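Just below is one structure, and these are the notes that go with it.
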Amino acid sequence: MKRILLICCLFIGISTAARAQVKSTTDPIEKAKGLQKELKLTDEQTAKVAAIYKESAEKFEKIKVAKKGNTNKMMADIAPLRAATIKKIKTVLTPKQAVKYEKMVNDTHKTGGSGWSDGWSAASTN
């Protein structure tokens, strides 16, 4: 009886996890398209955001190589890069979009992620 109950719980857990699966992407273009859906960006805005994310990702790769992947050493250079990326993206957005974007960035940071603030980490979308 315990085995049947355990199997049922396992099945329910797997089913729930499958439904709650979050799509994430680290590709700058796909990430920009995700932001387009979230903020209702125009195609022109999306292209500009994709370029910003791409530039950010390239700079991150240079930092990673220079610091030899040492997370502690990278953090000092990554924080200003994230801030600059956020600032650049906000210049592309309308005031209403910028407010929503700021909330998205803050919400992601509260949960321990970086999400929409850079071009290299995964951004969660529904």
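The values are calculated or read from the model by the stated rules, or taken from the named source; none is laboratory data. Just so it is clear, the model here is predicted, and its values are computed rather than measured. Please note: Cβ atoms are built from the backbone with ideal geometry, for glycine as well, and neighbour counts cover all protein chains shown.
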Point to revise | Qualifying positions in region 69-126 - of a type outside the set (Ser, Thr, Tyr), in a loop (DSSP other than H, G, I, E, B) and modelled with pLDDT under 85 | key: 69, 70, 112, 113, 118, 119, 120, 122, 126
Check your understanding: Counting only residues that are out of contact with any strand residue (DSSP E or B) (no Cβ under 7 Å at 6 or more places or on another chain) and more than 16 Å from residue 96 (Cβ to Cβ), which one in region 26-36 is surrounded by the fewest Cβ atoms within 10 Å (Cβ to Cβ)?
Key -> 26
**Study point:** Lone unmet requirement of (1) free of Cβ contacts under 8 Å to residues at least 12 places away in the same chain; (2) of a type outside the set (Val, Ile, Thr); (3) farther than 21 Å from residue 30 by Cβ for residue 107
**Key:** (3)
Practice item. Output the number of the condition that residue 106 fails; it satisfies all remaining conditions of (1) within 17 Å of the chain's Cα centre (by Cα); (2) crowded, with 16+ Cβ neighbours inside 10 Å. Key: (2)
